[in-house]
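Just below is one structure, and these are the notes that go with it.
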Amino acid sequence: MDSDDELRGASDSEIVAVGDYYYISSDTESSAGEEESDCGGDDYEVADEIADLREKRYVILTEKDIHERQEDGIKRVSSVFSIPRESACILLRQYKWNISKLSDEWFADEERVRKSVGLPANGVLLPDSQTLTCGICFEGYSTSALSSASCVHYYCHECWEGYISASVNDGPGCLALRCPEPSCSAMVLEETINRLAKDEDKVKYKQLLLRSYIEDSKKIKWCPAPDCTCAVEFLGDGNYDVSCMCRFSFCWNCTEETHRPVSCETVSKWILKNSAESENVNWIIANSKPCPKCKKPIEKNHGCMHMTCRPPCSFQFCWLCLGPWSEHGSSTGGNNACNRYQSAKEQGLFDEAEAKREQAKNSIMRYTHYYERWVSNQKSRQKAQADLQKFDIKNLAELSDILGIPESQLKFIPEAWSQIVDCRRVLQWTYAYGYYLEDKVKSEFFVYLQGEAESGLERLHKCAEKDIHAVLPNANNLSPTLKDFIEFRVKLVDLTRVTRTFFENLVRALEEGLEDVHGADQSTSKKRSRNNTGASCKKPSAKSKSGRNKVARTSR
């Protein structure tokens, strides 16, 4: 258990920079014959890179990577189609950067593609006249002060600047900007933007052009973390969990935070329920009654049964039977009881209203049970994430100096905290899973599994948070020994591995819908049925010498 390979064990999802991209893979593998080194080092890191590249699931792209891909596509189209770079950019933008589709349609009918995009085959020559009139401000200008979108409509540079600025500030629509003349479909090229727009508008235009490469793609999405400028290209294997370079983990399919084992549909329903007014309505039904006169809901939180609605209604009534208070008195039970209500209840007159109110109360209690625990685990996960970041920055370097052990061999500690964060996230979403689990048999087994998961995670959390103080400098233990460190390492590595395995199996079982639960019930019932059938027979079947089943005769 205290071998160096466990000290250097790679995490489940590890980022490895290779060339211009960051490849991500799950569950790195080490070869059986790999030679171990006492100090880790370059050989081990290279082995990690090779293992990570074997099964990459997604690729993280920086803005530089996106720009290079974009430029590469533009250059390819420009070269193959023998057209200027600006024209190639317009074509790719209109075809959502799909080079294959653009090539097919271009070589099938170039003229139709040019016409639909607004890309003229040849430029337009300026008229011979010395001055021309701007089509927007109607002022006369020399030909050198006018420009067009490769069409016959000329505008002064000042009007072009205002037109471009208004379009850029409106958003991505500026990427399909056409000639200001409504009847003209000529596209405004990037060269025109760069020549006539303000500097700040040029920057915005380039940013929108860069973002269009991601937003038009079906395989690449932006990281939803605040202030993160990276994108993630999903290569696909069914598991949509991805981790960006900013350490934000999210579901690539729905871009919500990682939420296994629940589906994206369940997450959507749960988030909507947490923000919807449905629970407010249930609370009103469960904890209030309508005034018999004005029908406004009234909550009774203490006192007797004599209720008075607020002005201008001011109607006085009995809380139990909702009858006028003028008809109540000592004969009906006084201020704290109502004989009329008890009598009517025995006759079943209030059964429907009471049942509805009780159902609303039960619904609220059930929702509150799951929601409070969902929030509690969310807070615990956020705290664990903060502890992980703090340990990475401070405590790991401090522990390395004290024990004389390289930080690379102390990776098992932040890996344990990373596992705690992941498990807290899984545990958090199991409460959303349990809320929508309607099968009673599965629900009972689910509660048992959830309890086991919580117990195992608490053991790991306690070891990482409290037991670590035995090997850190403090007032009572100024010089921890190497033996103390080895014992702590063995315990923490053990708990990390066991907890990881349990949660992986838990996630797998929940994603499969706990199918084995009913399978076990059915197999048990079949076994009982076979036993009963066997017991009813007086003699079991026998086998002949030839190996065929031979039914034994039963005596009458």
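For an R0 of 45 angstrom, estimate the FRET efficiency from the Cβ-Cβ distance between Lys218 and Lys466 and round to the nearest 0.05. Write out the running numbers ahead of the final one.
Values: r = 48 Å, r/R0 = 1.06.
It comes to 0.40.
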Heavy-atom accessible area of Met305, protein chains in place, probe 1.4 angstrom, given in Å² to nearest 10, is 30 Å²
Accessible-area value, Phe445, 1.4 Å probe, nucleic acids and ligands omitted, Å²
80 Å²
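Once you've got the Cα coordinates, tell me which of Lys56/Lys466; Lys221/Lys411; Lys75/Lys115 are over 28 Å apart.
Working: Lys56/Lys466 36 Å; Lys221/Lys411 31 Å; Lys75/Lys115 22 Å.
Correct reply: Lys56/Lys466; Lys221/Lys411.
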Mind grabbing the accessible area of Ser418 for me, 1.4 Å probe, Å², rounded to tens?
40 Å²
Mind checking Rg over Rh on the stretch 164-268, alpha carbons, Kirkwood formula for Rh?
1.13
How do Val113, Val152 rank by accessible surface area computed with a 1.4 Å probe, from largest to smallest?
Val152, Val113
Per-residue HN-Hα couplings for the stretch 449-454, Karplus 6.51 cos²θ - 1.76 cosθ + 1.60 at θ = phi - 60°, whole Hz, x for Gly and Pro?
4, 5, x, 5, 5, 5
Surpassing 27 Å at the alpha-carbon level, of the pairs Lys218/Lys442; Lys219/Lys379; Lys64/Lys379; Lys96/Lys269; Lys390/Lys491; Lys293/Lys356, are Lys218/Lys442; Lys219/Lys379; Lys64/Lys379; Lys96/Lys269
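What's the ranking of 367-380, 421-434 by average number of surrounding C-beta atoms within 10 Å, highest first?
Working: 367-380: 15.6, 421-434: 22.9.
Going from most to least packed, we get 421-434, 367-380.
If you take every residue apart from Glu86 with its C-beta less than 9 Å away from the C-beta of Glu86, what net charge results, scoring Lys and Arg +1 and Asp and Glu -1? Please list the in-between numbers first.
Working: positive: Arg85; negative: Glu190, Glu191.
Charge balance near Glu86 sits at -1.
The values are calculated or read from the model by the stated rules, or taken from the named source; none is laboratory data. Not measured: the values here are computed from a predicted model. Cβ sites come from the backbone with ideal geometry, for glycine too, and all protein chains shown count toward neighbours. Ligands, DNA and RNA are stripped out before the accessible areas are found, and what is left, the full protein with its side chains, is counted by its heavy atoms. Shrake-Rupley method; radii C 1.70, N 1.55, O 1.52, S 1.80 Å.
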